[in-house]
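First the structure, in the form of structure tokens, and then the observations on it.
The values are calculated or read from the model by the stated rules, or taken from the named source; none is laboratory data. It should be emphasised that the depicted structure is a prediction, and the values quoted were computed from it without experimental measurement. Counting neighbours? That spans all protein chains shown, and the Cβs are built from the backbone with ideal geometry, glycine included. Just the protein is used for accessible areas: all its heavy atoms, side chains included, with ligands, DNA and RNA removed. Shrake-Rupley method; radii C 1.70, N 1.55, O 1.52, S 1.80 Å.
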Amino acid sequence: MAAAQAVHLTIPAKAEYITLVRLALAGLWRVGRYSDEALADLKLAVTEACSNSVRHAYGEGREGTVKVDYELHSDRLVVEVSDDGTGFDPSAWERERGELTEGGLGLAIIRALTDELELGNGGRGSRLRLVKFLDD
């Protein structure tokens, strides 16, 4: 595989649309024919990332979207999940990550299932960048 293959999705911040995110991931994953076990791990990690945006980004009654960008490289898959909601303080989560709380459990799961996790907020909203290195 020479150049990175990219897929970009924007979904409404509603739980019923997370299935589309998982389907796009599975389709892109099949291009490289990687293991089903790694795909299952990534589906769970991406589901957790999107669920965080759906549950926490926009608050009760507010409409919003979740952006999911996939980049399949020859040696890794990068998935970035972002929203324009209220965001969170990534440094606070980093300080408290030794204490598993209900609110931080999703991020702990994502960290356990991926090779790299970057948390950020670009002024507005939240951004999670997940990386999974690929074994041929």
Which residues, taken from region 47-82, are of a type in the set (A, V, I, L, M, F, W, C) and not in a helix (DSSP H, G or I)?
57, 66, 68, 72, 77, 78, 79, 81
Can you give me the number of residues within region 4-20 that are open to solvent by less than 50 Å² (accessible area, probe 1.4 Å) and in contact with a Phe, Trp or Tyr (Cβ under 9 Å, 6 or more places away or on another chain)?
4
Inter-residue pairs, beta-carbon under 6 Å, first surrounded by fewer than 22 Cβ atoms within 10 Å (Cβ to Cβ) and in region 67-85, second modelled with pLDDT under 95 and part of a loop (DSSP other than H, G, I, E, B), 6+ apart:
71/4; 73/4; 74/1; 75/134; 76/134; 84/124; 84/125
Give the residue that is surrounded by the fewest Cβ atoms within 10 Å (Cβ to Cβ), with candidates limited to residues of region 21-38 that are within 23 Å of residue 119 (Cα to Cα) and at pLDDT 90 or above.
22
